[in-house]
Amino acid sequence: MNIVILTGAGISAESGIKTFRDANGLWENHAVEDVASPEGFSRDPQLVYRFYNARRAQLQEVADNPAHRSIAKLINYCKNSTKHHAQLITQNVDDLHERGGLKDQDVWHMHGELKKMRCQKSAQVFTSPLHLDEKTLCPCCHQAGNLRPHIVWFGEIPFYLEEAFSLLNKCDLFLSVGTSGFVYPAAQFVSMTPETCRRVEINLNDTQISPVFDQHLTGKAGDILPDYVDELMEGLS
Ligand SMILES: [Zn+2]
């Protein structure tokens, strides 16, 4: 069985990660678009560094939850199986899936990772220090000023799209977890799965795209996923 799991902000919110949608899209009175766009970064790099430093610091105050651990259990089970394959794709930039039991390479972070930085000259990706700024020396070119957060900003193309599309084409089970409200990319992902695919949505509320799913499980992912994954795995073995 080919399983694709897409996770979004909801699963991180259950761990206490703040989304700026709660605060009307504002961070310290700056529009999130201003601190999360290439234009914003060229206009005021210090502000952008400060925004991501604050978000990176916030990671130290939160922990993975049972939903992250259940997904890790399923992925790790499938890694040891010859019959089944499961891939996690996340819109989240935190490292809670990794802390929940997955290896770095097991998680496709479509929107990048808070804990990483990228050299704008070489495009190489490195682990970011907690505090990144224009004075941070780049490990590859040994210069300051070339590093940016390894985050997909507004107007930039998400990572792993092609890989995701090719998996979705042969997907037997598509799980969408905590991707409420925002149609892209969950709606597009679902539309790429074959007719025979079972599509399951796990969310606090119904979403605009709920009608395209075969099954809805309404509630906290941390409450629903542990039992859901156990039952699924019984069927797999
Ligand atoms: Zn460099």
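If each residue of separation counts as 0.36 nm, what is the full-extension length gain between Cys140 and Lys121 once their alpha-carbon separation is subtracted?
Contour length minus Cα-Cα distance gives 5.9 nm.
Met1 to Asn24: extension gain in nm, 0.36 nm per residue of separation minus the Cα-Cα distance?
Result: 4.2 nm gained on full extension.
Report for the chain the percent antiparallel among DSSP-assigned beta bridges with both residues inside it, nearest 5.
Among the beta bridges of the chain, antiparallel pairing accounts for roughly 30 percent.
Give a residue-ordered list of calculated ³J(HN,Hα) values for region 80-91 (Karplus: 6.51 cos²θ - 1.76 cosθ + 1.60, θ = phi - 60°; whole Hz; x for Gly, Pro).
8, 10, 8, 8, 10, 9, 9, 10, 9, 10, 10, 8
Rolling a 1.4 angstrom probe over the protein heavy atoms, how many square angstrom per residue are accessible across region 190-237?
Accessible area per residue: 57 Å².
Rounded to the nearest 500 deg cm²/dmol, what is the calculated helix-only ellipticity per residue at 222 nm for the chain, with -39500 (n - 2.57) per DSSP H run of length n ≥ 4?
Calculated at 222 nm, the ellipticity per residue is -9000 deg cm²/dmol.
Rounded to the nearest 5, what is the percent of antiparallel bridges among the DSSP beta bridges in region 40-149?
70
Which of the GluC sites (Glu not before Pro) across region 1-104 are loop residues per DSSP, with 14 or fewer other Cβ within 10 Å?
Passing sites in region 1-104 are Glu28, Glu61.
Can you compute the modelled spin-label distance between Glu39 and Lys170, with each label point 7 Å from Cα toward Cβ, in nm?
The modelled label-to-label distance comes out at 4.2 nm.
Rounded to the nearest 0.05, what FRET efficiency do Val212 and Leu236 give with R0 = 22 Å and r taken as the Cβ-Cβ distance? Could you check?
For Val212 and Leu236, the calculated efficiency is 0.35.
Find how many whole Å separate the alpha carbon centroid of region 156-215 from the alpha carbon centroid of region 29-95.
18
Would you kindly calculate the translational diffusion coefficient of region 86-178, applying Stokes-Einstein with the Kirkwood radius from alpha carbon pairs, for 20 °C and a viscosity of 1.002 mPa s, and quote it in µm² s⁻¹ without decimals?
146
Provide the net charge surrounding Thr193, with neighbours chosen by a C-beta distance below 13 Å and charges set as Lys +1, Arg +1, Asp -1, Glu -1.
-1
Normalized C-alpha radius of gyration of the chain, against 2.2 N^0.38 Å?
Cα-based Rg divided by the globular estimate yields 1.04.
In debye, nearest 20, what is the charge dipole magnitude of the chain about its Cα centre with +1 on Lys and Arg Cβ and -1 on Asp and Glu Cβ, if you could check?
640
Cross-link list Lys121/Lys170; Lys83/Lys115; Lys115/Lys170; Lys73/Lys115; Lys103/Lys170; Lys115/Lys135: which exceed 27 angstrom alpha carbon to alpha carbon?
Lys121/Lys170; Lys83/Lys115; Lys115/Lys170
With all protein chains present, how much of the accessible area of the chain (probe radius 1.4 Å) comes from carbon and sulfur, to the nearest whole percent?
In the chain, the share of accessible area belonging to carbon and sulfur is 51 percent.
Using a basic spin-label model with each label point 7 Å from the Cα along Cα→Cβ, how many nm lie between Thr196 and Asp223?
For Thr196 paired with Asp223, the spin-label model returns 3.6 nm.
When ligands, DNA and RNA are left out and all protein chains stay put, how many square angstrom of accessible area per residue does region 1-150 have with a 1.4 Å probe?
It amounts to 47 Å² per residue over region 1-150.
The values are calculated or read from the model by the stated rules, or taken from the named source; none is laboratory data. Note that the coordinates shown come from a computational prediction; the quantities given were computed from them, not determined experimentally. Here the Cβ is made from the backbone with ideal geometry for all residues, glycine too, and neighbour counts use every protein chain on show. Just the protein is used for accessible areas: all its heavy atoms, side chains included, with ligands, DNA and RNA removed. Shrake-Rupley method; radii C 1.70, N 1.55, O 1.52, S 1.80 Å.
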